[in-house]
Amino acid sequence: MTAVAVRRRLPRTHAKAPGSRGWRRWPIHIALVLLVVVWLVPSVGILVTSLRPPTSIASTGWWTILRHPDLTFGNYRAIFTSHQFARAFFNSLAIAVPATIFPVAIAALAAYGFACLRFPGRDVMFVGVVALMAVPIQMAFVPALHIFRLLHFGNSYYGIWVAHTAFGLPFAIFLLRSFFAQLPSEILDAAAIDGASRLRIFVSVVLPLSKAALASIGVLQFLWVWNDLLMALVFIPEDKLQPLTVTTANLLGTYGQQFNILSASAVILMILPLAVFFSLQRHFVRGIVAGAVK
């Protein structure tokens, strides 16, 4: 067979231009940029408003900041000196940090049992835990308040710690169990052959391999607790123990027209969650993707 015949029998391939695939993605990139702008504009407006004096806020919009760059930190000094925001900030930390550590630790132990151990009724119990995610939080307020009153949890953080832990456990167990089930069983079997106990396998093998999933659950739980208002109003009646969300909500009634004070309080409320999310963003994305697909 001649070379000409061979070339005739070979299938023709249509080579694509180097930039054809990139041009097809331009609409997606433009849509994403527009979506980011839509989400960022209100946040930028709140930040700029928090740095402007009340007279400028009343006369011009925040988008005129480039023409009238009259910025001041007096709004932040006012809320920290007059509205007890420093105490509310530490109250939020005192609530959010334990209410994040407790459910993540308990959920990791429970998910390890559901994913890596075999015992009677395991699947039925796991279905029951997943079904708890469908229970509305408001249904448990009355019995929880009654129990906390009997335990004298009314004037402390214990009640809201227990409440956030209980309501955060089902989702945390579900996500961690999905992640633990994907771990190679050969690694766990090798550790067991070497004489490691189940607790040692959990601490020395499972947890180091699950940093991304634990970080993602920790970020979600922390954001949920930090931004919570309803449970703080229900389980913390003491004014001196109330977090930033309650303090900011109280400003709406007292300083409803002072947008400089309200904007500064909103910025303070957003700073720590943003810092936590961006510092753990890489682990958060990896943990969510790894736990959601198998």
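The values are calculated or read from the model by the stated rules, or taken from the named source; none is laboratory data. Treat the numbers as computed from the prediction; the structure is a model and nothing was measured. Cβ coordinates were reconstructed from backbone atoms using ideal geometry, including for glycine residues, and neighbour counts include every protein chain displayed.
For the range 45-90, filtered to residues that are among the β-branched types (Val, Ile, Thr) and in contact (Cβ under 8 Å) with a residue 24 or more places away in the chain, the residue that is farthest from Thr248 (Cα to Cα) is Ile57. When Thr247 is tested against (1) over 14 Å from the mean Cα position of the chain (by Cα); (2) farther than 16 Å from Ile46 by Cβ; (3) surrounded by fewer than 18 Cβ atoms within 10 Å (Cβ to Cβ), just one condition goes unmet, and that condition is (3). Comparison of Ala86, Ala94 shows that the only residue that is modelled with pLDDT under 85, part of a helix (DSSP H, G or I) and within 27 Å of Ala232 (Cα to Cα) is Ala86. For the range 190-204, filtering for residues that are touching a helix residue (DSSP H, G or I) at 6+ places or on another chain (Cβ under 8 Å), surrounded by fewer than 19 Cβ atoms within 10 Å (Cβ to Cβ) and hydrophobic (A, V, I, L, M, F, W, C) leaves 3.
For Arg67, the stated conditions hold: it is assigned to a loop (DSSP other than H, G, I, E, B) and surrounded by fewer than 14 Cβ atoms within 10 Å (Cβ to Cβ). Looking across the range 13-34, the residues that are part of a loop (DSSP other than H, G, I, E, B) and modelled with pLDDT under 70 come down to Thr13, His14, Ala15, Lys16, Ala17, Pro18, Gly19.
Test Ser210 against the stated conditions and say whether it is among the small types (Gly, Ala, Ser) and under 28 Å from the mean Cα position of the chain (by Cα). Against the criterion (among the small types (Gly, Ala, Ser) and under 28 Å from the mean Cα position of the chain (by Cα)), Ser210 qualifies.
Filtering the range 110-144 to residues that are closer than 23 Å to Asp228 by Cβ and not in a helix (DSSP H, G or I) leaves Val135, Pro136.
Ala140 meets the conditions (1) modelled with pLDDT of 90 or more; (2) among the aliphatic types (A, V, I, L, M); (3) within 26 Å of the chain's Cα centre (by Cα) in every case but one. The failed one is (1). Only residues that are surrounded by fewer than 16 Cβ atoms within 10 Å (Cβ to Cβ) and in contact with a Pro (Cβ under 6 Å, 6 or more places away or on another chain) were counted across the range 71-94, and they come to 1.
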